[in-house]
Amino acid sequence: MGVCVQSRTRFVSGAALISDGDRIVDAKMRVSEGVFAAGDIAAFPAPPEGKPTRIKHCRVAQQQARIAAANMMGEEASYRATPFFWTYHYGQNFEYFGHADGWDDEIVGGDIDIQNFAAFLLQGQRVVAVVA
């Protein structure tokens, strides 16, 4: 458990910060020339707009770390995956695909009361995330 945890990234000079000190990376997971980051501290260009976004989940960190490692070894790999993660609470599994800072409409199929559903989160006419 990490309670009131703060990233320790300020020692990296010459690299873009977001408000809480975490780092903005490009699609190659590069902070700056020769410096890479992945996981909780990395604000990556999330599809489709490319807005710097952090997804604090181990699955995303693992995917990003593979891209960072490949690029450290001289490859030209880019992280272009749509964020996906899952969690398990109180006997229920929840899955989340996409990313929505906000949405203006939702379409729900199934039954939320018994937690057997899929909810499509929309901005305008575009689905930006699905939770099930």
The ³J(HN,Hα) series, computed from each phi in region 40-52 with the Karplus coefficients 6.51, -1.76 and 1.60 at θ = phi - 60°, rounded to the nearest Hz and given as x for glycine or proline, is 4, 8, 9, 8, 9, x, 7, x, x, 7, x, 5, x
Phi-based couplings in Hz for region 27-35 (Karplus 6.51, -1.76, 1.60; Gly and Pro marked x):
5, 8, 6, 9, 7, 7, 3, x, 10
Using DSSP to define loop residues, name the chymotrypsin sites (Phe, Trp or Tyr not before Pro) in region 31-132 whose beta-carbon has at most 14 other beta-carbon atoms within 10 Å.
Y90
Counting other Cβ atoms within 10 Å of each Cβ, which trypsin sites (Lys or Arg not before Pro) in region 29-118 have at most 16 and sit in a DSSP loop?
K56, R80
Which of rounded, prolate or oblate describes region 31-132 when judged by the alpha-carbon gyration tensor and an a/c cut-off of 1.5?
prolate
F36's amide H: which non-local residues (gap 5+, or another chain) put their own amide H closer than 5 Å, with H modeled 1.01 Å from N in plane and none for Pro or chain starts?
V31
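A short reminder: the numbers here are calculations on the coordinates, not readings from a lab. All of these numbers come straight from a predicted model, not from anything done at the bench. Quick reminder, even Gly has a Cβ in these numbers, built from the backbone with ideal geometry, and neighbours come from all protein chains shown.
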